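Worksheet for the structure shown next.
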Amino acid sequence: MQILKFPLARIAVWFILGLLASFYLKPSISFAFLFLGIAFLLFAISYFLAQKDFIQKIYFAIATYILFAFIGVSTYSINNESYNSSHYLHMINDSKEHSVSITLTEKLKSSTYNQRYFGTLNSYDSKIATGKILVNIQKEGLKQNLSIGTMLLVEGTILKHQEPHNPNQFDYGKYLENKSIYGQIYTDAFNVKISSEVDRSIWYYAANFRNTIVQNLKKSKLPDNELNVGVALILGQQQDISPDIITDYRLSGAVHILSVSGLHVAFIVFFLNFLLKPLPSNNFGSVFKLSVLIIFLWLFALIAGFSPSVTRSAVMFSFVAVGEFMNRKTNIYHSLLASMFFILLVEPSFIFDVGFQLSYCAVFFIVWLQPLFLQLWKPKNKIFNYFWNILTVSFAAQIGAFPLSVYYFHQFPGLFFVTNLLVLFLLEIIMAVGVVVMIWAVFSVVPQFLIKPLEWSIYFLNKIISWVASFESFIFQDISFNWQMMAGCYLLIFGVFIWFKKPNFKKLAFALITIILFQGIYFGTVYTNKKQEEFIVFNAKRNTIISERKGENIIVYSNDSLSEATMNFVLKPYLVGNFASVSKMEKLANLNYFNKNKILIVDSLGIVPENINSDILILRQSPKINLERILQTSKPKMIIADASNFKTYTARWKETCAKEKIPFHSTVEKGFYRLSKEN
């Protein structure tokens, strides 16, 4: 590929490898800078030697790549806040309540019971402390919505993130750690003191700016559903959109339009260029245009919350604007690589952000594949040409995002191209009217002749999205797809389209190899899974769910009727993650066998047969038993208490097992329990 010939592309690859190495190996800052110094010394020596030669030597290239790899290592280490000695991770060592001072920095979508915020610590028990944290405040008793910049004094316990309590579930703790958020605090309104002092940072002013717009739009009588979608489309704030609308956008393949990205930023640039067009084209006019464009571009990114997609767009358009000002032809690949390198240099944790990954993949494939698709047909009719452009952009973006989307979300909207054809023209109208409405709302209530077009446009947009999402047979969900298959799929896509662009025998051979490789990865994964056997005790609140898996077939044991929510939350991730399906569901038996282990289940009746010496004892529904006597007589190897037991019973059993020196596993505390066997 042509892009790999760019020196910046190879440098970016080694820089990213350095970031990943630092993330997984976790070197200390002193270690990272020691090797950075050595790498810089090697680079300087190789550069001095290379100056004497007309033809560049390979050792100079190797030294350059090593240097940028260690720049990546050092960059991630510097930005890893947990290395800071004042970080709260080094202070929390018990489960007692402490006095914690926190400044709120971002409002999140609230949960059923809690208002949720991101914040930064100011102090911990009067000691100076730093670090980002997730704040959960019970809605009950909370009399006001807390604004960004509010400083709180909270009495509570900072909890480190726990691993998922059931297999293959989304690891929210890991997701937060990738954002440098290593803990969270739960509290109620009665344990929160709101300071009269406010941290007036740029986030405070950005939030106030957005709040002013929202309040004036509410006064303008813009309905809630249309208001919340409009704020998401133009200001990038999705917190208040109803779950049903979010679900419709996700199933129709249009959820990306709710995230401010290149499409939105491009419209802002077009709007500004239109306003600045009357200015003269002399030096002063050009400098003024460039300054206004870049300032407003980054102000918009700030208002939109500096999400990865809007940051990428702002950086790219800034490079393009500077290139045009300098009368230099801008290579889109260079802009893409330079923007990625610049963003990761400032915020290396973005490399793990799904939005960042999807954004760059989509843009790269649009730039790479759309010209190829446009060559297939060149309609002379302007209307046909408009919709053909939309279609080719949609297909190019979806091809690029497909492996990542299926890997992370395990679903694919089959009617994505229909959605884009139907809504993009409407979206352009919404953006055109919406920008004017939002600017007006900064100063006062918006008149109805502007509000009504925006309201109707968003109303019809939501209706179209809902209609497309209603075709459930075209929504492919619960797709099993691991990271090996994702990597193989990208290789396959590259191989096929490299051959398709300029066919020859070598490229055809490479394409066929990538197809065979992907098939090998898939069948290898299926074969490996078929060999596996597992016995799982799930952590299901107030329920007992046990499964036995043999390859792709799973038997689920439970005496309770399982709700759809329980199936989706507890069982579905396990099925999808293991390429399996439920072959049958059965009632729980008191005695089970797995991998030469005798497993006894004791329920609320508390019946324990005398002559059965079980290897594993599972306690459910709070049986009233003398566990100490059972342990002394039957000597089981493991005691398991699931989430259907009372907490007091579980705590007492834990103490008894510790006294008798027998392992104890509570699914509420430690998550699911797994017994494995490989044939």
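Per-structure values
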item	result
Extension gain from Ile62 to Ile555, taking 0.36 nm per residue of separation minus the Cα-Cα distance	172.0 nm
Cβ-Cβ FRET estimate between Gln239 and Asn504, R0 fixed at 51 Å, reported to 0.05	0.45
Å² per residue, accessible surface of the range 188-249 at 1.4 Å	53
Backbone HN-Hα couplings from phi across the range 158-165 [Karplus 6.51/-1.76/1.60, Hz, Gly and Pro as x]	7, 10, 6, 5, 9, 6, x, 8
Ile607, Ile102, reordered so the largest accessible area comes first (probe 1.4 Å)	Ile607, Ile102
Proximal lysines to Lys289, defined as alpha-carbon separation beneath 17 angstrom and excluding residues fewer than eight positions away on the same chain	Lys277
Leu336, Leu424, Leu491, reordered so the largest accessible area comes first (probe 1.4 Å)	Leu491, Leu424, Leu336
Heavy atoms of Ser242 accessible to a 1.4 Å probe, total area in Å² rounded to 10	40
Magnitude of the charge dipole, the chain, Cβ model with Lys/Arg +1 and Asp/Glu -1, debye to 20	1220
3J(HN,Hα) from dihedral phi, the range 625-637, Karplus parametrisation 6.51/-1.76/1.60, rounded to Hz, x for glycine, proline	10, 9, 5, 4, 5, 4, 5, 6, 8, 9, 6, x, 7
Dimensionless Rg ratio for the chain, taking C-alpha atoms and the 2.2 N^0.38 Å reference	1.10
Tilt relative to the chain, helix 29-50 - C-alpha long axis, 0 to 90 degrees, to 10	40
30 Å Cα-Cα reach of Lys506 towards lysines, excluding residues that sit fewer than 8 places from it in its own chain	Lys5, Lys57, Lys378
Residue pairs, from the table Lys596/Lys635; Lys541/Lys670; Lys174/Lys654; Lys637/Lys677; Lys132/Lys174; Lys541/Lys659, whose Cα atoms sit over 21 Å apart	Lys174/Lys654; Lys541/Lys659
Accessible area expressed per residue, the range 425-516, with surrounding protein chains retained (probe 1.4 Å, Å²)	57
Asp94 - accessible surface, heavy atoms, 1.4 Å probe, Å² rounded to 10	60
Apportionment of accessible area to carbon and sulfur, the range 448-538, percent (1.4 Å)	72
Degrees, to the nearest 10: 243-252 long Cα axis against longest axis of the chain	70
The range 410-430 residues near the modelled Ser473 label - backbone nitrogen below 20 Å, point 7 Å along Cα→Cβ	412-419
Separation of the Thr648 and Ile246 label points, Cα + 7 Å toward Cβ, nm	3.8
Partner aspartates and glutamates for Lys96 [C-alpha distance under 15 Å; skip if fewer than 8 residues away on the same chain]	Asp125, Glu155
Residue range of the chain that is longest and free of chymotrypsin sites (Phe, Trp or Tyr not before Pro) which are both DSSP loop and sparsely packed (at most 12 other C-beta within 10 Å)	378-645
For the range 518-633, accessible area per residue (1.4 Å probe, heavy atoms of protein chains only), Å²	52
Rounded tilt (10° steps) of 483-501 against the dominant C-alpha axis of the chain	30
Share of carbon and sulfur in the accessible heavy-atom surface of the range 192-326 [1.4 Å probe, %]	63
Solvent-accessible surface (1.4 angstrom probe) belonging to Glu163, in square angstrom, nearest 10	150
Given Lys139/Lys218; Lys26/Lys531; Lys160/Lys587, the pairs whose alpha carbons are separated by over 27 Å	Lys26/Lys531; Lys160/Lys587
Rough spin-label spacing in nm, given labels placed 7 Å along Cα→Cβ, for Ser99 and Arg200	2.7
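The values are calculated or read from the model by the stated rules, or taken from the named source; none is laboratory data. Small disclaimer: the values here were computed from a predicted structure and weren't measured. Cβ coordinates were reconstructed from backbone atoms using ideal geometry, including for glycine residues, and neighbour counts include every protein chain displayed. Side chains included, ligands, DNA and RNA excluded: accessible areas come from the protein's heavy atoms. Shrake-Rupley method; radii C 1.70, N 1.55, O 1.52, S 1.80 Å.
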